[in-house]
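Okay, structure first, notes after.
Taken together, the values in this text are just the output of simple stated rules run on the coordinates, not laboratory data. Everything quoted here is computed from the prediction, not taken from an experiment. Every residue, glycine among them, receives a Cβ derived from its backbone with ideal geometry; neighbour counts consider all protein chains shown.
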Amino acid sequence: MHDHDASGDNADDPAPLRTIELEDRSGTLSTPAASWLREHIERAMEALDTAGELLVTVVDDRIMARLHERDTGVPGTTDVLTWNYAQDAGRLDAEVVVCIDEARRQASARSLTPEHELLLYVVHGVLHCLGHDDHEASARKAMHAEEDRVLCAIGVGPVYSRSLGNEP
């Protein structure tokens, strides 16, 4: 139990519990790239003020295409797939799978690093878990603005708005 002063300042409250795991099943993510990505995922979760558990798995086109078809019925690879297991809307319990091959293609087209692109995919997936949608034009615009807001807040800068018209 924490004591709170009359001003309502909760400075003694512990930080929200966040568990973030990063797995590289592609076998191609360098140690420095993985460290950068993990650090920036943690910072993005802080910027989103989101607590909970997040498993991020980096895969290649082959694995992503298999998952994409299995779970959506759509053949071929994609950038990100997300599974939201949360029972409570205020807490994150999710798995986000991101495709390194797609990130490399998009990063090259946008003059970014693959790590920046992967981070965008992770933020996109987490926003889906938090209730954002990108099926309608106005919702898509709001979601992409929130992605860029988060990425700017953590010092990365806008990633999506550098797009050449491709949707993450």
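General observations
- Helix-only [θ]222 nm of the chain, DSSP H runs n ≥ 4, -39500 (n - 2.57) each, per residue, nearest 500: -14000 deg cm²/dmol
- Taking the chain as a Gaussian network of alpha-carbon nodes connected by springs under 10 Å, the highest mean-square fluctuation of the residues Thr82, Thr19, Thr72 belongs to Thr72.
- Checking [x] 16.7, 58; [y] 16.3, 51; [z] 14.6, 47 against Rg and Dmax of the Cα atoms in Å calculated from these atoms, the matching label is [x].
- Under the criterion of Cα pairs below 8 Å and six or more residues apart, the relative contact order for segment 18-159 equals 22 percent.
- Peptide packing: for 122-132, 48-58, the average count of neighbouring Cβ atoms within 10 Å per residue gives the ranking 122-132, 48-58, highest mean first.
- Note on Tyr121, Tyr85: ascending count of other Cβ atoms within 10 Å places them as Tyr85, Tyr121, the fewest first.
- Farthest toward the positive end of the dipole of segment 18-159, out of Ala139, Ser111, Ile63, is the Cα of Ser111, where the dipole comes from beta carbon charges about the Cα centre.
- Listing Met143, Met64 from fewest to most neighbouring C-beta atoms within 10 Å gives Met143, Met64.
- Label-to-label distance for Ala145 and Ser35 is 3.8 nm, based on points extended 7 Å past Cα in the beta-carbon direction.
- Net lengthening on full extension, Ser161/Ala47 (0.36 nm per residue, minus Cα-Cα): 39.2 nm
- When +1 charges are put on Lys and Arg Cβ atoms and -1 charges on Asp and Glu Cβ atoms, the dipole computed for the chain relative to its Cα centre reaches about 800 debye.
- Net +/- balance of residues flanking Met64 in space, Cβ distance below 11 Å, scoring K and R +1, D and E -1: -3
- Arranged from fewest to most other beta-carbon atoms within 10 Å of their beta carbon, Ile100, Ile41, Ile63 become Ile63, Ile41, Ile100.
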